[in-house]
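Only the coordinates and a few stated rules stand behind these numbers; no lab work does. None of the values given here were measured: they were computed from a predicted structure. Don't worry about glycine lacking a Cβ; one is built from the backbone with ideal geometry, like all the others, and counts go over all protein chains shown.
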Amino acid sequence: MSVIDHHEANGPEAAVRLSEASARDFFALLKPRVMSLVVFTGLAGMVMAPGHIHPFIGFIAILCIAVGAGASGALNMWYDADIDAVMTRTASRPIPAGKIRAEEALAFGLTLSAFSVCILGIVVNWLSAGLLAFTIFFYAVVYTMWLKRSTPQNIVIGGAAGAFPPMIGWACVTNGVAIESIVLFLITFLWTPAHFWALALFKMRDYGAVGVPMLPNVSGEATTKNQIVIYAVLTAIIGVVPTTLGFSSVVYGAFAALLGLGFIWYSIGVWRMPDGDEKMAPAKKLFAFSILYLFAIFSALMIDHLIATLWLTTGGAA
Amino acid sequence: MDMITLNEAQKKSRRGRNIALGVVLFALVVGFYVVTLVKFSGGMVN
């Protein structure tokens, strides 16, 4: 009598799959690079928020936001395994590479989602936990399952998922939502289309091959370039709003304006790029600059806020 | 009774996953302990 008799058509190991997935493969399911951006912007929201949070509670909050974002990445990889296998950028992800089964990724994503939301709720507050749950739902269901394969505006609306972390960070400290946290949300929200469409331009064939309706494939390069410039201008404007609303200094405003001009400059480079350009160098430059832009803007916001706080606490303003 | 014999790669990956899970569980225990201390001390201060 064998415990695996009914599976033995091609030998036990062929029928009972024994995983060779390492912990690193599971970590890769969390999209660590996206997670680093989420950690950074979430931290910015927490630092900018008025009030105080115990450093260890703050650390747990950031960890929960990171794990929640990672969980939504795992759910995204579970659902998109079919198209990930075809696209060059994603073919080496753990599921298409055969290291992790789709069901394992689903279970991993759901478990981490539940854990991150519950722990954030218990340890910090339930508003931030609710926002985190909504972010996971928005990314995994609204963006991945619905928008991504149905509309060229997928990343415009879906970009909200990536923009929520500073709002969650803010809510962790204040247990509320404020105009300032909405502005932090809008910075990432308006930045996302130019960032992703720059990528979509030089990965157009990949997206076309799997039938994902990215703007360059559906509306053409010219329309995409126009939209990139429009969103770059909107991003540059929202970048200086913290100063106009008075919660960041003029020095930050000047820095953000310079960065915004750089963003517009690179987007105009893409706009001037001839249709059908093989190398797509301006699009690659814009993509690289957009990442730098977001890190620089949120770094500047945090540094500016910390300097202002230090100035006030040391009596420098007196 | 036949048993499934793991090859070296499967043993190595299972060991790695077990260690990672152990570390995560230990971190959770320590985390909850410290959070409890922080919450209690906060309450006492208030």
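One table, with the values for the structure above:
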item	result
Test item: A:18-26 mean partner chain Cβ contacts at 10 Å	6
The stretch A:23-176 - Rg and Dmax from Cα coordinates, angstrom	15.4, 48
Charge sum, other residues only, whose C-beta stays under 13 Å from A:M145's C-beta, Lys/Arg counted +1 and Asp/Glu -1	0
Among A:F26, A:I65, A:G176 the positive-end extreme of the charge dipole of the stretch A:23-176 (Cβ point charges)	A:F26
Tilt relative to chain A, helix A:165-174 - C-alpha long axis, 0 to 90 degrees, to 10	60
Overall form of the stretch A:103-178 per C-alpha gyration tensor (a/c, 1.5; a/b vs b/c)	oblate
Relative counts (whole %) of C-alpha pair distances in the stretch A:148-253, using bins that are 5 Å wide	2, 13, 19, 19, 16, 12, 9, 7, 3, 0
Spatially near lysine pairs across chain A, Cα under 21 Å, sequence gap of 8 or more or different chains	13
Residue order, fewest to most beta carbons within 10 Å, for B:K11, A:K225	B:K11, A:K225
Rounded, prolate or oblate (a/c below 1.5 giving rounded, otherwise prolate when a/b exceeds b/c) for the protein assembly as shown by Cα gyration tensor	oblate
Candidates A:G158, A:G42, A:G276, ranked by Gaussian network fluctuation over chain A, Cα under 10 Å, top entry	A:G276
For chain A, built as a Gaussian network whose Cα springs stay under 10 Å, the top-fluctuating residue of A:I119, A:I237, A:I179	A:I179
Between the stretch A:16-65 and the stretch A:174-197, the Cα center-to-center distance that results, in Å	18
Euclidean distance between Cα centres, the stretch A:73-91 to the stretch A:261-318, Å	29
Label zone at B:K39 (point 7 Å along Cα-to-Cβ), backbone N below 18 Å, the stretch A:36-68	A:53-65
